[in-house]
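J.: Below is the structure I would like to discuss, written out as structure tokens.
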Amino acid sequence: MKQDIFQAIADPTRRAILTLIAVQALTPNAMAEKFDMSRQAVSKHIKVLHECELIKPEQSGREIYYHLNAKKMQEFDNWLAQFRKNWETQFNQLDKVLSTIKKQKK
């Protein structure tokens, strides 16, 4: 069963893993060294991220390196963009209101 991307990124450990592998591909053991948890626990997080297609494995000899799937992250960013425009409009309107209030107090 494919995991929900929103549930995947809701977990702070999985977000931290995504941040780590955005910089460079890592093996599960290398990831586990960065966290205060077992390799098995990290592997469960990796499984969820992989099922959501947020990370991609690449075999290199005996090791598996996980890379960030930028294409999937772009899909997620495109989905968020529709809300970002609305938020920016609302923040700009709030800025105008606050500026008006500030001017009235002077």
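The values are calculated or read from the model by the stated rules, or taken from the named source; none is laboratory data. From a predicted model like this one, the values you see are computed outputs, not experimental measurements. For neighbour counting, all protein chains shown are included, and Cβ atoms are generated from backbone atoms with ideal geometry for every residue, glycine included.
J.: Which residue, of Ile9, Ile21, is in contact with a Phe, Trp or Tyr (Cβ under 6 Å, 6 or more places away or on another chain) and either surrounded by 14 or more Cβ atoms within 10 Å (Cβ to Cβ) or over 15 Å from Lys72 (Cα atoms) (or both)?
T.: Unique residue meeting the criteria: Ile21.
J.: Here is a further query. Where in the range 28-106 are the helices (runs of 4 or more DSSP H), entirely inside, with at least 1 residues that are of a type outside the set (Lys, Arg), within 19 Å of Pro12 (Cα to Cα) and touching a residue at least 40 places away in the same chain (Cβ under 8 Å)?
T.: Counting at least 1 such residues, we get 39-51, 70-105.
J.: From the list Glu88, Glu58, Glu33, exactly one residue is more than 18 Å from the chain's Cα centre (by Cα) and at pLDDT 95 or above. Which is it?
T.: Glu58
J.: Another question, if that's okay. On the given criteria, is Thr89 touching a strand residue (DSSP E or B) at 6+ places or on another chain (Cβ under 9 Å), surrounded by 10 or more Cβ atoms within 10 Å (Cβ to Cβ) and β-branched (Val, Ile, Thr)?
T.: Working: touching a strand residue (DSSP E or B) at 6+ places or on another chain (Cβ under 9 Å): no; surrounded by 10 or more Cβ atoms within 10 Å (Cβ to Cβ): yes; β-branched (Val, Ile, Thr): yes.
Taking the combined requirement at face value, the residue does not satisfy it.
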